[in-house]
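Structure record follows, encoded as structure tokens.
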Amino acid sequence: MSRHAESRRPAPIVTAVAAILTLAGCSGQGAPASTDAPTPAASTASTPTVTLPVASAFGAPSWGVQLPASSQQKRPVVTAQRVIYLDGASVKAVDATGKLAWSAQFPAFAGDAQIKDGAAYPFLRLADVETVAVVDGGKAAGSGLSQDRYETRVTLIDVADGHVIKTLVIPGTSNDAPKPSAVGLAVALPDGKGVVAVLADGSTRTLPASTAVGGQPRATDGGGTVGSAAISTWESKADGGTPPSSAGFAGPGWTSVSTAPSSAFTSASLVAGDAHRLLVGRWVAPGRTAMDPVTVKILVLDAANGKVVAQPSCEPVGQAVFSSSPDGKHEVIGPMRLDEQGHAQCFGGGAGQKDVALTAVNDSGIAYGTAGAGGSDTSFVTVAPDGKVTTEPLSTGESAPIGIMAGEVAVHWDPNRAVITGNTIK
């Protein structure tokens with residue numbers, strides 16, 4: 001089976017193309033376009049000199065990593081065998097024992113050249129379960145008669161050994177930067193000129209600036225990727241008003257129109273995705289009159305074919321990336337937990353109930369997260385495999401884990417202190 005076989009479950013753990021993608025060596029920053037040379041793995045183990053307070057479900061940290069101030073708010077990526085994080089212009093990974101597994105460099109924008117708002121560059125995102133991407137955006141200095149221009153750089157790195165698969169440079173203009181998607185690795189070009197979808201093997205797909213949906217042209221305004229599937233998004237404002245009179249998204253051979261619950265649902269948006277197969281969409285049916293409430297439906301789809309996998313009664317709000325169990329058989333996002341068959345369970349958020357945000361799940365299907373609006377109102381939540389929910393107060397500084405590694409290691413992250421710890425599940 002090939003390294004990026006589409007049928008694989010998540011491994012033990014989100015103009016012509018040639019004219020759009022340019023060699024990084026052509027930019028003023030001199031960044032390499034690609035390299036296949038593996039980066040030697042480091043052997044230094046992290047020292048557990050830092051700690052974080054955790055809920056009673058977890059033991060004291062068996063290891064900890066203190067990152068530099070530049071890594072504050074830069075959420076690490078957790079897979080079954082690696083915790084991957086940013087350290088300046090390096091991407092590093094530790095294994096489940098806290099030992100440094102590898103370190104790789106990426107072509108970072110320096111100083112004022114880096115875009116400081118919006119996407120909070122650089123950031124990490126899984127391209128698939130075996131590949132992590134670091135995305136950076138900024139202004140590259142031109143040379144000769146070439147003007148300075150904004151550009152987005154996507155560096156793909158092998159999760160297991162840290163070798164750089166490829167660095168892609170997606171150019172913008174002298175005034176506007178390409179805009180990365182919230183789901184996966186798609187980058188919208190300035191001036192509505194289409195979307196470049198970056199896949200885990202370093203290949204790309206160009207999503208045209210407009211496409212026909214239901215016989216009508218739609219202007220592509222963004223996109224996303226889920227595994228090897230590239231997704232385009234579009235909207236249409238019949239009268240120039242807000243919200244759009246229609247909106248939607250399209251995958252390979254299907255659209256949100258073809259997968260809609262019924263023809264009454266005229267607007268749809270891409271909400272979230274995992275790094276393997278699933279995406280979450282939100283469909284809206286307007287009321288028959290201005291006084292009627294809208295109807296909202298949430299569907300979980302197989303991104304490769306648009307097939308409906310689940311119809312949950314809840315939706316992830318403010319979250320765009322699933323958290324998977326180490327064996328890939330369970331996934332959580334917001335109030336939702338999904339099993340290997342795609343069956344969805346929703347927790348909290350009902351009448352008189354606190355909103356739930358699940359952030360990690362182990363191979364047994366035990367999910368962890370928080371409930372409440374923050375501050376003293378927030379509780380730590382554990383959801384048993386049978387759906388039984390238990391809560392406990394969160395003490396000052398405590399938080400839910402951001403992922404579970406093989407060996408029942410819960411990874412905790414303090415974005416303000418830039419501290420990562422590995423805690424055994426009791």
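The values are calculated or read from the model by the stated rules, or taken from the named source; none is laboratory data. Because the structure is a prediction, the values reported are computed rather than measured. As a convention, Cβ positions derive from the backbone with ideal geometry for all residues, glycine included, and neighbour counts pool all protein chains shown. What goes into the accessible areas is simple: the full protein's heavy atoms, side chains included, and nothing from ligands, DNA or RNA. Shrake-Rupley method; radii C 1.70, N 1.55, O 1.52, S 1.80 Å.
May I ask you to verify whether GLY184 is crowded, with 21+ Cβ neighbours inside 10 Å, small (Gly, Ala, Ser) and in a loop (DSSP other than H, G, I, E, B)?
yes
Step by step: first the residues of region 349-383, then only those that are of a type in the set (A, V, I, L, M) and open to solvent by less than 20 Å² (accessible area, probe 1.4 Å), then the one that is farthest from GLU408 (Cα to Cα). Which residue is that? Break it down stepwise before answering.
Within region 349-383, the first condition is being of a type in the set (A, V, I, L, M), and the residues that meet it are 351, 356-358, 360-361, 366-367, 371, 373, 381, 383.
From what is left, the residues that are open to solvent by less than 20 Å² (accessible area, probe 1.4 Å) are 358, 360-361, 367, 371, 381, 383.
Numbers: LEU358: 17, ALA360: 11, VAL361: 10, ALA367: 12, ALA371: 23, VAL381: 17, VAL383: 16 Å.
Filtering first and then ranking leaves ALA371.
Among (1) closer than 30 Å to ASN362 by Cα; (2) out of contact with any Asp or Glu (no Cβ under 6 Å at 6 or more places or on another chain), there is one condition ALA101 misses while meeting the rest; what is its number?
ALA101 satisfies every listed condition except (2).
Scan (1) assigned to a loop (DSSP other than H, G, I, E, B); (2) at pLDDT below 95 for the single condition ASP191 breaks and write down its number.
Among (1) assigned to a loop (DSSP other than H, G, I, E, B); (2) at pLDDT below 95, ASP191 violates only (1).
Quick one: count up the residues across region 341-362 that are under 13 Å from VAL389 (Cβ atoms), assigned to a loop (DSSP other than H, G, I, E, B) and either at pLDDT below 85 or not hydrophobic (A, V, I, L, M, F, W, C) (or both).
Qualifying residue count, region 341-362: 4.
Need the failing condition index for GLY403 against (1) among the small types (Gly, Ala, Ser); (2) open to solvent by 70 Å² or more (accessible area, probe 1.4 Å); (3) modelled with pLDDT of 95 or more, just the number.
(2)
Name the residues in region 267-290 that are open to solvent by less than 60 Å² (accessible area, probe 1.4 Å), closer than 18 Å to SER246 by Cβ and either more than 26 Å from the chain's Cα centre (by Cα) or of a type outside the set (Phe, Trp, Tyr) (or both), would you?
Scanning region 267-290 gives SER267, ALA268, SER269, LEU270, VAL271, GLY281, VAL284, ALA285, GLY287.
When region 399-423 is examined, which residues are found to be over 20 Å from ILE333 (Cα atoms) and touching a Pro at 6+ places or on another chain (Cβ under 9 Å)?
Looking only at region 399-423, we keep the residues that are over 20 Å from ILE333 (Cα atoms), and these are 407, 416-423.
Scanning region 399-423 gives GLY407, ALA418, ILE420, THR421, GLY422, ASN423.
Tally the residues that are surrounded by fewer than 18 Cβ atoms within 10 Å (Cβ to Cβ) and of a type in the set (S, T, N, Q), restricting the search to region 291-337.
4
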